[in-house]
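No value in this document is a laboratory result; all are computed from the given coordinates. Just so it is clear, the model here is predicted, and its values are computed rather than measured. Positions of Cβ are generated from backbone atoms using ideal geometry, with glycine treated the same way; all protein chains shown enter the neighbour counts.
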């Protein structure tokens, strides 16, 4: 039977070194070797703190040289690295690297003393309860060990990443830092600041294929937020916070869904978002996206209104999306509304959207009803000539 702590380390983005130490602690615990278990768990905890230090930039006024000498060099000493990590944790305010309370420091001293009881075989008893209490301490408090100025430094790294050496495949390491360094408060601050930076009027996107349908939302922002959505499944509190932030911005929510179609499933729209798009009277993009993602959820009483508004406000190239994502569309229902006279027999609309009509005809395997309606439309004196010419050229055996 798995311990609660085993399940905890499975879902956390801890380093292989830390997980290996915790696994040894668990094995010792299960064999009732409680002193050995506590030592290995203590080393695992110190490894987590060490990992935070290794991947972080200098904080609290440290320059790079001092950071290397006063921090990185010390924690890499094989014979006493855990002692050095502990000393860094309890440093006084003027030289501190972590923002932790005095109460948490008191608990650190307590567990260091219990670790020494085990290592030096002192007379104090170490029991199953001690190990379980320490594992609970780790699970409850690891996210409270916050590095000073962590948000600002990571924000700067993201900016540099996109402006200097952007490679999508190299984003993993940068995203992973978030879950090692941040607690929930820092994560929320990060989301707010990264959004504001990339949507500032003065920000110039450095990625050539900018993806923005509403304006002011560069591809960088879509990349960061979609990657975060994909990685927060194992961090429930972070996940809830992230989803709330995304849903609170309706335009950004739809932008994100259009950038990555998985987002609609992973971040299901709130009733408020659905209602907003059902009743919105503006903007062709809203209705394109509404149709693409929400059509199955639209109440029956509003479906005709939604389809008609969608068809009135089509974006160019919609036929390509129809072919690529035809599983998301109800083709027969779409046909029903396209064949209404206000669309198929509308000179301007039918000519402008001739490729959409053709694509639907092909996806429905040259639907008989469409053939009958199109023949009737083409027989009119003032018929949509571009639409007719396209069908006559592609399917002469059907329409000639």
*the stretch 122-158 versus the stretch 94-115: alpha-carbon centroid distance in Å*: 10 Å
*In a Gaussian network model over the chain where Cα atoms closer than 10 Å are linked, find which of 160, 13, 57 has the largest mean-square fluctuation.*
160
*Compute log10 of I(q)/I(0) for the chain with the Debye formula, placing one identical point scatterer on every Cα and leaving out solvent, at q = 0.09, 0.13 Å⁻¹, to two decimals.*
-0.71, -1.08
_GNM result for the chain, Cα springs below 10 Å: residue of 141, 353, 124 fluctuating most strongly_ = 124
*Pick from 35, 115, 66: which is most flexible by mean-square fluctuation in a GNM of the chain where alpha carbon atoms under 10 Å apart are linked?*
66
*Sorted by packing (mean other beta-carbon atoms within 10 Å per residue), highest first, where do 382-392, 2-12 land?*
382-392, 2-12
_Given the stretch 316-400, report the % of alpha carbon pairs whose separation exceeds 14 Å._
61 percent
_Helix-only mean residue ellipticity at 222 nm for the chain, each DSSP H run of n ≥ 4 adding -39500 (n - 2.57), per residue, nearest 500_ = -19500 deg cm²/dmol
*Taking neighbour counts of Cβ atoms within 10 Å as a proxy for exposure, in what order, fewest first, do 393, 127 appear?*
393, 127
*Taking the stretch 22-140 on its own, what percent of its Cα-Cα pair distances exceed 18 Å?*
54 percent
_Residue-span extension gain [residue 320 to residue 372] - 0.36 nm each, minus C-alpha spacing_ = 16.2 nm
_Residue order, fewest to most beta carbons within 10 Å, for 343, 134_ = 343, 134
